Amino acid sequence: MEKLQAAIEKARVQRQESQTINGHPVQKPEVVNEPVKTPEEAVNSAWASLAQAELNPRILRKNRMVAYSGGEHAAPYDMLRTRILQLAQLNDWKRIAIVSPHSGCGKSTTVSNLVFSFERQADLRTMVLDCDLRRTNLARLLGLQPKSNMKS
């Protein structure tokens, strides 16, 4: 078995040395010995690298974000969160979507308050995406300004 492994490795080295592009030999890539991350470590690292949004409590109160700091006004959203978590576990859901028949029904307000309710659970990670690209109401409700990546 060791002889077979040695022959495979020797053939691999010879193949890398003999590769050329337009008649010029290809240089061997340098091997970087980085520690291998487990999938859980990779996920934790990705979550840690996300930037925190700076939210203004005054704007949140003005826009009816009652679940931001918890309390009695957040109770209905906490009950909704608990029911969603129960159904998600029962049905093996990983994502939910909040939709309505037309604009102005309160999707963004509901989603914002629901996300704040989820956020207070230490063992959960929550990400919210506003998929209405024409009217990004969620950012307005939270008092966030979009960052432009376009250079003038």
Looking at the stretch 64-77, which of its residues are under 14 Å from residue 118 (Cβ atoms) and open to solvent by less than 60 Å² (accessible area, probe 1.4 Å)?
-> 65, 67, 70, 74, 77
Being open to solvent by less than 50 Å² (accessible area, probe 1.4 Å), in contact with a helix residue (DSSP H, G or I) (Cβ under 9 Å, 6 or more places away or on another chain) and within 24 Å of residue 61 (Cα to Cα) narrows it down to one of 114, 80, so name that one.
-> 114
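Quick check, is residue 66 under 23 Å from residue 44 (Cα atoms) and either part of a helix (DSSP H, G or I) or touching a residue at least 12 places away in the same chain (Cβ under 8 Å) (or both)?
no
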Considering every residue within the stretch 91-104, establish whether at least one is at pLDDT 90 or above and part of a helix (DSSP H, G or I).
-> yes
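The rows are residues; the columns are (1) open to solvent by 90 Å² or more (accessible area, probe 1.4 Å); (2) assigned to a helix (DSSP H, G or I); (3) at pLDDT below 85.
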| position | (1), (2), (3) |
| --- | --- |
| 4 | yes, yes, yes |
| 8 | no, yes, yes |
| 11 | no, yes, yes |
| 17 | yes, yes, yes |
| 31 | yes, no, yes |
| 36 | yes, no, yes |
| 40 | yes, yes, no |
| 43 | no, yes, no |
| 46 | no, yes, no |
Select, from 61, 120, 125, 134, the only residue that is loosely packed, with under 14 Cβ neighbours inside 10 Å, under 19 Å from the mean Cα position of the chain (by Cα) and basic (Lys, Arg).
-> 125
Quick one: which residue in 123, 92, 130 is in contact (Cβ under 8 Å) with a residue 12 or more places away in the chain and among the acidic types (Asp, Glu)?
-> 130
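The values are calculated or read from the model by the stated rules, or taken from the named source; none is laboratory data. Keep in mind that this is a model prediction, so the values were computed, not measured. No Cβ is skipped: glycine too gets one built from the backbone with ideal geometry, and neighbour counts run over all protein chains shown. Only protein heavy atoms, including side chains, enter the accessible area calculation; ligands, DNA and RNA are left aside. Shrake-Rupley method; radii C 1.70, N 1.55, O 1.52, S 1.80 Å.
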